Amino acid sequence: MTLQPLPLLDFRSDTVTRPDETMRRAMAAAEVADNVIDVDPTIAELEVSAAKVLGMPAALWTPSGTMANLIALSVHLDRGDRFLATRGAHVLNNELGSAAWLAGGMPDILEHDAGPGRPTPDTLAAAIGSAAGPYYALRTTLLCLENTHNAAGGAVTPPHEHAQLLAVAKDAGLKVHLDGARIWHAAVALGVPVAALTVGVDTVSACFSKGLGAPVGSVVAGSAAFVEQARRTRQMLGGGVRQGGVLAAACLVALDRVNDLADSHENARRLADGLVEHGWEAATPDTNIVLVRVPDVPSTLDWLGSLGIQALPMAGKVRFVTHRDLSATDIEETLGRIKTGARA
Ligand SMILES: Cc1ncc(COP(=O)(O)O)c(C=O)c1O
């Protein structure tokens, strides 16, 4: 008798979610046009809707969050400018150094001394230093925030802390870019409108391909003048797509589903509680990312893999990400497999 492999439970990322029938139908029916030489009406509709939700004057569709961040940094930074970002930020650790290689910025790290994912205003002020300097002084011109903060376990920055950081940055004349790949998660978890988390920023990026089912698509939002420049940078990077409305249609469906994210947050809490009951050191998640401290990350990932549970390493821990393609039953199944596996 051959043993059937266990069905895989995929916690590697919320990017693994797939477009369902409703989304595929919307994609198939999308009105389209060449978005480089003309305007694709569905992309345009998405850009207007996303800008409104994000509380920004304008937005530009991009194929990925990485490109959205790179465009913002390229527009904000001159070569050799110093920019500040939180330890473990996606723009620092997960974008192949493009902030330096392509946007020309020199990164510096802010510690998370206010709580996971965020510095205190004092730490930020100290890192910025004095505004005026001689012509040979290094220039610090940009602050990059991340909400939710991936490497800090999907941690949220609430509006009042966001406002304090913005005040310090703006006082010192810095531009502010917010990596809001999962800003929808932060808004749902905090019970505030998305726009409450972007107050004062110059630009924000946001993704539809994380936990919402869209196969492709992000936006970068800012002023109309920023978007005009960003459109040229996107083209330079090869991100000017033609009949992209078929992709933007999926993003529009995703945008309508933001409130469903509460389910994956609930599942993440259930998972973390179950792992703690099992004796593992898991922090209670703010959103959909559970980080677990284990003595040996590679061997734990291998062991989980042998149980049909897929996860990834992040910040020296094991990272489980919940999403719309994993149900509450899947969480129970996961915890059951871990319990049984540990006894075997
Ligand atoms: C915080 C954050 N920013 C940006 C990105 C990049 O998005 P993409 O994978 O669409 O390039 C990710 C991806 O997971 C992310 O977690």
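Of all residues in segment 128-148, those being out of contact with any Lys or Arg (no Cβ under 9 Å at 6 or more places or on another chain) and surrounded by fewer than 18 Cβ atoms within 10 Å (Cβ to Cβ) number 8. Within segment 248-272, work out how many residues are part of a helix (DSSP H, G or I) and under 20 Å from residue 180 (Cα atoms). Looking only at that region, the number is 17. No other residue among 204, 176, 192 is of a type in the set (Val, Ile, Thr) and either touching a residue at least 40 places away in the same chain (Cβ under 8 Å) or on the phi > 0 side of the Ramachandran plot (or both) apart from 204.
Counting residues in segment 109-116 that are free of Cβ contacts under 8 Å to residues at least 60 places away in the same chain, surrounded by 20 or more Cβ atoms within 10 Å (Cβ to Cβ) and more than 17 Å from residue 289 (Cα to Cα) gives one or more.
Can you find, within segment 85-108, the residue that is nearest to residue 126 (Cα to Cα) among those that are free of Cβ contacts under 8 Å to residues at least 60 places away in the same chain and of a type in the set (Gly, Ala, Ser)? Across segment 85-108, the extreme among qualifying residues is 105. Tell me which residues, restricted to segment 210-223, are surrounded by 24 or more Cβ atoms within 10 Å (Cβ to Cβ), at negative phi and near the ligand (Cβ under 9 Å from one of its atoms). Hits for segment 210-223 are 210, 218. Taken over segment 106-119, the residue count meeting the criterion of being assigned to a loop (DSSP other than H, G, I, E, B) and in contact with a helix residue (DSSP H, G or I) (Cβ under 8 Å, 6 or more places away or on another chain) is 4. Filtering segment 71-105 to residues that are under 17 Å from residue 147 (Cα atoms), assigned to a helix (DSSP H, G or I) and of a type in the set (A, V, I, L, M) leaves 72, 73, 91, 92. Can we say residue 53 is among the hydrophobic types (A, V, I, L, M, F, W, C), in a loop (DSSP other than H, G, I, E, B) and more than 16 Å from the ligand (Cβ to nearest atom)? Criteria not met by residue 53. Screening segment 167-209 for residues that are assigned to a loop (DSSP other than H, G, I, E, B), farther than 19 Å from residue 69 by Cα and among the aliphatic types (A, V, I, L, M) and picking the one that is farthest from the ligand (Cβ to nearest atom) gives 172.
Output yes when any residue across segment 219-227 is part of a strand (DSSP E or B), more than 15 Å from residue 73 (Cβ to Cβ) and in contact (Cβ under 8 Å) with a residue 12 or more places away in the chain, and no when none is. Scanning segment 219-227, I find at least one residue that is part of a strand (DSSP E or B), more than 15 Å from residue 73 (Cβ to Cβ) and in contact (Cβ under 8 Å) with a residue 12 or more places away in the chain, so the answer is yes.
Please give the number of the condition residue 89 fails out of (1) within 15 Å of the ligand (Cβ to nearest atom); (2) out of contact with any Phe, Trp or Tyr (no Cβ under 8 Å at 6 or more places or on another chain); (3) more than 30 Å from residue 292 (Cβ to Cβ). Condition not satisfied by residue 89: (3). If the condition is being within 16 Å of the ligand (Cβ to nearest atom) and in contact with an Asp or Glu (Cβ under 6 Å, 6 or more places away or on another chain), then segment 135-153 contributes only 146.
Every read-out reported here was derived from the displayed coordinates using simple, explicitly stated rules and does not represent laboratory data. Owing to the predicted nature of the structure, the values given are computational and were not obtained by experimental measurement. No Cβ is skipped: glycine too gets one built from the backbone with ideal geometry, and neighbour counts run over all protein chains shown.
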